[in-house]
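Structure record follows, encoded as structure tokens.
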Amino acid sequence: MTSVIIPRSEHSVSRQNIHPDALKVMYRLVRKGFTAYLVGGGVRDLLLGRTPKDFDVSTNATPSQIKKIFQNYFLIGRRFRLAHIRFDDHVIETSTFRRCPDQEEENGDEDLYMLRDNCYGTPEEDALRRDFTINGLFYEVERFSIIDHVGGLSDIENRLIRCIGDPNIRFREDPVRMIRAVRFAARLDFHIEPATYNAIMRHHEEILKASPPRVFEELQKLFAYGSGEKAVRLLYKTGLLHNLLPEIADFLDHDHGQDSILWTWLEHLDRRIRTVGKVEPVLVFAALFSAPVRHIAARYEADGERVVYNAMLEDLLQPICVRMSMPKWMCSRMIQIMANQTRFEPDKKKRFSKRGFVAHECFPETLALYQLGLLVSGADLGPAEMWGSLRSEMEAENPQVLRTDPRGQQGRPPRKRPPRRRRR
Ligand code: ATP
Ligand code: MG
């Protein structure tokens, strides 16, 4: 692949759309005699006319050289050291150019998975170690040009996700890239080019070798931007879903595959994410599991068995959450909001405090899942609105009464203080 430099007059990236702090970092590095480029998703998104989520910088300055230039600098990462240059409300991630290990550093095909990009390299090598051509472009601030070592520009024009290098090797080196390919294809509405797609079909089982917390993080990201339905359809088509969430894949196999009711759940979930502008991870997984769980409950009931919903949810979902490395608090909360659904049609024989239910801190998520369920079944939204108004009335009467969510945006519980040590 020949490298190309595209001058400012021939591309659409304007400095005005780059965060001033990212520009500050690059200009300061350049003034000190180093090379510094804007890299990765930032350049891709700017070329597509989207607002980048974050701005990453790569440079030939080493971490210790970066440290001398920036006081607001923090080193992170044990395996590969990255610099976080902190500003008031955000961080510019600044990494030193690095490369894939050489052939002689490889110790056989079996160990491909262990190979990681752990050595410093040239800018071109840094582009080549990245995952997809659309993520391998550089923007340089001195002449405002774009540097393309990997053919990323033409793939952006043709809306293609293509691995840099041989996809059969790149996916085995790091199987999480397969989920990333699906994520970018769904979110940007791109196609995965045939060689990359076939490699996913061939190697999807390798995903089982990846670290579960990393996989879980990528799974959550699939739903950002409201493109979860397309992403899960792609996971299913490529076989990845059978490895990642075999229970969901089995449900789809038995529920008309690409025409399953699950897609209606995900379609409404996507709409909600686009409307509220944020992903609520607990709600995402509750929505994903609702159709299979309801299907199983209906099957038991059809067989004349009495379903204890809470116990069934625990039995079915807890092992899946553990396998996926879902944090414990998230798993319990997901099960709770799913179990709470029976409260919307309470058993008349049992005593039940409506106001206590509505005041509960996880009521908003419980109600959101109820609304999704009504939308999926095409039912009247009136009952959900009634419950929503009750919550608003109680809020207006006395906000203190409501047990509000102390967990902040991510729904994460506050850290418990460690128990005090007893004096001996
Ligand atoms: P997003 O907008 O979702 O943040 P992104 O492209 O910026 O997308 P990041 O996960 O933030 O994705 O990663 C930043 C860059 O690092 C990518 O654009 C890519 O060049 C590189 N990268 C990330 N993960 C990998 C990986 N597993 N293998 C190779 N390169 C990677
Ligand atoms: Mg990014």
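See the values below:
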{"quantity": "Qualifying residue in segment 1-18 (condition: in a helix (DSSP H, G or I), surrounded by 14 or more Cβ atoms within 10 Å (Cβ to Cβ) and either within 16 Å of ligand 2 (Cβ to nearest atom) or among the aliphatic types (A, V, I, L, M) (or both))", "calculated": "yes"}
{"quantity": "Members of segment 274-321 that are in contact (Cβ under 8 Å) with a residue 40 or more places away in the chain and of a type in the set (F, W, Y)", "calculated": "F285, F289"}
{"quantity": "In segment 47-60, residue surrounded by the fewest Cβ atoms within 10 Å (Cβ to Cβ) [restricted to those that are within 16 Å of ligand 2 (Cβ to nearest atom) and under 23 Å from C119 (Cβ atoms)]", "calculated": "D56"}
{"quantity": "Residue match in segment 17-37 (condition: without any contact (Cβ under 8 Å) to a residue 12 or more places away in the chain, within 16 Å of ligand 1 (Cβ to nearest atom) and not polar (S, T, N, Q))", "calculated": "no"}
{"quantity": "Any hit, segment 55-74, residues being over 20 Å from I164 (Cα atoms), part of a strand (DSSP E or B), at pLDDT below 95 and more than 11 Å from ligand 1 (Cβ to nearest atom)", "calculated": "yes"}
{"quantity": "Residue list for segment 322-363, filter: touching a residue at least 12 places away in the same chain (Cβ under 8 Å) and of a type in the set (A, V, I, L, M)", "calculated": "M324, M326, M330, M334, I335, I337, M338, A339, V358, A359"}
{"quantity": "Subset of segment 270-302 (residues that are hydroxyl-bearing (S, T, Y) and over 19 Å from L317 (Cβ atoms))", "calculated": "T275"}
{"quantity": "Top-ranked residue in segment 31-46 [being surrounded by fewer than 19 Cβ atoms within 10 Å (Cβ to Cβ) and outside any helix (DSSP H, G or I); ranked as farthest from ligand 2 (Cβ to nearest atom)]", "calculated": "G33"}
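The values are calculated or read from the model by the stated rules, or taken from the named source; none is laboratory data. The model shown is predicted, which means the values in this text are computed figures rather than measured ones. As a convention, Cβ positions derive from the backbone with ideal geometry for all residues, glycine included, and neighbour counts pool all protein chains shown.
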